[in-house]
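Take a look at the structure below.
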Amino acid sequence: MPPRVPPLRPEELSPAQADLYGAIAGGPRAQGPQHFALTRPDGSLRGPFNALLLAPDLGGALQHVGSAIRYRGALTDRAREIAILLVASHWDSAFEREAHEAVGAAAGLGDAELTALRTGDITPFEGDEGLVAAVTLQLVGGDLDDELWDAASVALGAAVVFELTTLVGYYATLALQLRVFRVDG
């Protein structure tokens, strides 16, 4: 299916869109090693980021949340990518899977672990990573039962459970936007 919103090239952007574009294309996602392409050859943003430009104030707030999750959270890189990939699996989000399998591999997830995450299989994970995976699976279903809350809040802390609920909600939002706007890359 063709995208519902054409790629917005940098020279076509309003000042507010250009500011947001700069925050995305020049922010932490663009610093350091690039595990997936953030822009297309014409300079337009890939994935959910093109749609964020439609409403720069809201898109900016959303990209700040995503940046905080990715770069200022308490979860380890592996644990964060496990959670993101479980959300991608639940929502069958091709772009999230493509981008975050590359990031996850760079964070140390092996091929067998990535394969398991594609199907929502959390058996390869133990300890805190297993707990993060179990919590994520319950959260994509809409809630967290008392038993898993007790285990997670003791082992990980309530602040990390809050971070995890925010991560799941953020990546579920992106998955929905990717689907609605027919973004495949």
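The values are calculated or read from the model by the stated rules, or taken from the named source; none is laboratory data. Predicted, not measured: the structure shown is a model, and the values here were computed from it. Here the Cβ positions follow ideal geometry from the backbone for every residue, glycine too, while neighbour counts run over all protein chains shown. These area figures cover heavy atoms from the full protein model, side chains too; ligands, DNA and RNA do not enter into them. Shrake-Rupley method; radii C 1.70, N 1.55, O 1.52, S 1.80 Å.
In the list 155, 112, 159, which residue meets the criterion of being open to solvent by less than 70 Å² (accessible area, probe 1.4 Å) and at pLDDT 95 or above? Going through 155, 112, 159 in turn, the sole match is 155. Looking only at residues of the range 2-13 that are closer than 21 Å to residue 184 by Cα and free of Cβ contacts under 8 Å to residues at least 40 places away in the same chain, we find that the one that is surrounded by the fewest Cβ atoms within 10 Å (Cβ to Cβ) is 6.
Working only within the range 50-78, note down all residues that are closer than 16 Å to residue 5 by Cβ and not in a helix (DSSP H, G or I). 53, 54, 55 - these are the residues of the range 50-78 that are closer than 16 Å to residue 5 by Cβ and not in a helix (DSSP H, G or I).
The residues listed here are 71, 170; of these, the one that is of a type in the set (Ser, Thr, Tyr), open to solvent by 50 Å² or more (accessible area, probe 1.4 Å) and within 23 Å of residue 37 (Cα to Cα) is 71. Here is a check on your reading of the model: is residue 99 of a type in the set (A, V, I, L, M, F, W, C) and open to solvent by 20 Å² or more (accessible area, probe 1.4 Å)? So residue 99 fails the test. Taken over the range 29-71, the criterion of being among the polar types (S, T, N, Q) and within 27 Å of residue 160 (Cβ to Cβ) is satisfied by 31, 63, 67.
Results for (1) at pLDDT below 95; (2) open to solvent by less than 60 Å² (accessible area, probe 1.4 Å), shown as yes or no for each residue.
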| residue | (1), (2) |
| --- | --- |
| 15 | no, no |
| 28 | yes, yes |
| 31 | yes, no |
| 38 | yes, yes |
| 41 | yes, no |
| 55 | no, yes |
| 62 | no, yes |
| 67 | yes, yes |
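Taking the range 126-155 as the range and being of a type in the set (A, V, I, L, M, F, W, C), closer than 14 Å to residue 79 by Cβ and over 20 Å from the mean Cα position of the chain (by Cα) as the test, the residues that pass are 152, 155. Here is a check on your reading of the model: is residue 138 farther than 25 Å from residue 35 by Cα, out of contact with any Phe, Trp or Tyr (no Cβ under 6 Å at 6 or more places or on another chain) and open to solvent by 30 Å² or more (accessible area, probe 1.4 Å)? Yes. Of the residues in the range 164-184, none is outside any helix (DSSP H, G or I), more than 30 Å from residue 7 (Cα to Cα) and of a type in the set (A, V, I, L, M). Just give me the residues in the range 141-152 being part of a helix (DSSP H, G or I) and crowded, with 17+ Cβ neighbours inside 10 Å, in sequence order. Answer for the range 141-152, where residues must be part of a helix (DSSP H, G or I) and crowded, with 17+ Cβ neighbours inside 10 Å: 148, 152.
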